[in-house]
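Trainee: Encoded as structure tokens, here's the structure I'll be asking about.
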Amino acid sequence: MSSAERAPGATRLTDGDAPADVVIVGGGIMGCASALALADAGVRALVLERAVPGAEASSHAAGILGPAIEARGGASLRLGQRSLALHAQLAERFRAEHDLEVGFSRCGLLEVALDEAEAARLVAREAALRATGVRVERLDGAAARALEPSLSPGVEAALLLPDEAQIEPPRLLRALAVAAERAGVRFRTGEVVRGVVHQGGRVRGVALEGGLLEARTVVVAAGSWTSLIDGVPLAREVVYPVRGQLVATVTRPPVFRRVVFGAGGYVLTRPDGRALCGSTEERVGFERGVTLGGLSAVLATATRLAPSLAGARVLDHWSSFRPGTMDDLPLVGPTDVDGLFLATGHFRNGILLGPVTGEVIARAVTGAALDPDALGLDPRRTNRTAPRGGGTAG
Ligand SMILES: Cc1cc2nc3c(=O)[nH]c(=O)nc-3n(C[C@H](O)[C@H](O)[C@H](O)COP(=O)(O)OP(=O)(O)OC[C@H]3O[C@@H](n4cnc5c(N)ncnc54)[C@H](O)[C@@H]3O)c2cc1C
């Protein structure tokens, strides 16, 4: 019997004198951004996080905010652009209200081509991006090196996307948690949610170690672990982990000013000279750690983009799990269970899409009209199979 099925008959836990309106499972960027947006809308949220806020992918991402480079169609571009604008506002708010810096910078991005075939692809990409109104400029190799002198002499052409940006994910996660807590959100850390409990098509709460915590509204934002939680109405394979390995180096002066994409990877340089080289995309389940193969691929890409990085000191390396989905689109919005919402599956773009996801969730929870750009993210598209666990709870 699943934990979700057991829970209704078990001990009822209380959530203090003023129970939250909404329980959020997971304190990554999706959980924290949703909690803050809900607080801004006057809704009290409680975040249940099995470790600490930002423990998983959200603090281990590179921090590229690339709505144009990552867009997969008009709605995804618009959502990314809106989220980038929200990042700029949030960075200002964190500074003004909490004296916190998150490293937000509209540094721009160069996508480079290292051979003729890639250069031809850039011509097509430029046309497609221009058609959507994105600011983009195509450069030959010499012009690209004039902007970024450390670029390889092998770079034949590049696209300059001046509006793309970067942020420092660990600082962003700390700022989101601080701002959310000050806005009235409560966090319970070290709290493992065993299942979501629902009955007769309506959510009743979440199953914790000690029993049922009742809630009329639950948002599951558990990243790569979302569809493993009992009672979440998704087939187990719908959300899955995609491991990414990153290497952090430092150079003086900073190797690049802009984010540089190419050769199947990227180099993201902070203004102080730290540079993140990424990344692998591996389906290895929840196997943590870095591998010789992964690191050598990442380092080969980085030194193809900037040969001088071969002499850079390695500061750190790590891996984490992007929440992938079967159709490569996030799952954001209501489920077939009344009162149960999902905010997950953002794969490579969760840092970019965190703020707009928070906004979409706040609108959905408060019953506002659904955002037309977010309709394609409706979790109900993924399957119509019977909910596991809590679906039969009595
Ligand atoms: C190497 C790498 C580089 C990346 N670079 C970028 C980038 O440059 N730009 C970008 O936009 N995105 C990037 N991403 C993607 C981004 O990191 C993710 O899409 C995003 O962080 C997902 O956020 P999340 O809140 O859904 O998941 P997570 O951050 O994984 O948070 C989920 C949380 O839920 C908690 N949890 C899980 N199960 C339970 C449970 N049962 N009970 C309680 N808590 C639970 C976990 O402990 C965790 O804290 C990168 C990812 C990786 C791995």
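The values are calculated or read from the model by the stated rules, or taken from the named source; none is laboratory data. The model shown is predicted, which means the values in this text are computed figures rather than measured ones. Neighbour counts are summed over all protein chains in view; Cβ atoms, including those assigned to glycine, are modelled from backbone coordinates with ideal geometry.
Trainee: Any idea which of (1) buried (at least 22 other Cβ atoms within 10 Å of the Cβ); (2) in contact with a Phe, Trp or Tyr (Cβ under 7 Å, 6 or more places away or on another chain) is the one Leu212 doesn't satisfy?
Mentor: (2)
Trainee: While we're here: Please verify whether region 238-255 includes one or more residues that are basic (Lys, Arg), within 13 Å of the ligand (Cβ to nearest atom) and at pLDDT 95 or above.
Mentor: The answer is yes, given that some residue of region 238-255 is basic (Lys, Arg), within 13 Å of the ligand (Cβ to nearest atom) and at pLDDT 95 or above.
Trainee: Now for a different question. Determine whether region 316-323 contains at least one residue that is closer than 30 Å to Gln199 by Cα and buried (at least 23 other Cβ atoms within 10 Å of the Cβ).
Mentor: Yes, region 316-323 has at least one match.
Trainee: State all residues of region 211-235 that are of a type outside the set (A, V, I, L, M, F, W, C), in contact (Cβ under 8 Å) with a residue 24 or more places away in the chain and more than 10 Å from the ligand (Cβ to nearest atom); if no residue qualifies, say none.
Mentor: Gly211, Glu214, Arg216, Thr217, Gly231, Pro233
Trainee: Still on this structure, please answer the following. Inside region 277-312, can you point out the residues that are within 21 Å of Pro149 (Cβ to Cβ) and under 20 Å from the mean Cα position of the chain (by Cα)?
Mentor: Correct list: Cys277 only.
Trainee: Here's another thing I want to ask about it. Hey, any hits in region 130-140 for a residue that's over 22 Å from Gly73 (Cα atoms), of a type outside the set (Lys, Arg) and either more than 27 Å from the chain's Cα centre (by Cα) or not in a helix (DSSP H, G or I) (or both)?
Mentor: The answer is yes, given that some residue of region 130-140 is over 22 Å from Gly73 (Cα atoms), of a type outside the set (Lys, Arg) and either more than 27 Å from the chain's Cα centre (by Cα) or not in a helix (DSSP H, G or I) (or both).
Trainee: Just to be sure I understand the filter: pairs with C-beta atoms under 7 Å, separated by 6 or more residues or on different chains, first member in region 351-365 and of a type in the set (D, E, K, R), second member surrounded by 24 or more Cβ atoms within 10 Å (Cβ to Cβ). Which pairs pass?
Mentor: From residues that are of a type in the set (D, E, K, R), the pairs are Glu359/Ala37.
Trainee: Of the conditions (1) of a type in the set (A, V, I, L, M); (2) crowded, with 24+ Cβ neighbours inside 10 Å; (3) not in a strand (DSSP E or B), Ala235 clears all except one; give me its number.
Mentor: (2)
Trainee: Any residue at all in region 167-184 that's of a type in the set (A, V, I, L, M), in contact with a Phe, Trp or Tyr (Cβ under 9 Å, 6 or more places away or on another chain), surrounded by fewer than 19 Cβ atoms within 10 Å (Cβ to Cβ) and assigned to a helix (DSSP H, G or I)?
Mentor: yes
Trainee: Something else: Just to confirm my filter: which strands (runs of 3 or more DSSP E) fall fully inside region 264-374 and include at least 2 residues that are modelled with pLDDT of 95 or more and out of contact with any helix residue (DSSP H, G or I) (no Cβ under 9 Å at 6 or more places or on another chain)?
Mentor: 265-269, 274-278, 313-325
Trainee: Residues to consider are Gly31, Gly54, Gly26, Gly63; find the one that is within 7 Å of the ligand (Cβ to nearest atom) and on the phi < 0 side of the Ramachandran plot.
Mentor: Gly31
Trainee: Regarding Leu79, is this residue more than 10 Å from the ligand (Cβ to nearest atom) and surrounded by 23 or more Cβ atoms within 10 Å (Cβ to Cβ)?
Mentor: yes
Trainee: Ok, one more. Please count how many residues of region 238-251 are of a type in the set (A, V, I, L, M, F, W, C) and outside any strand (DSSP E or B).
Mentor: The qualifying residues number 1.
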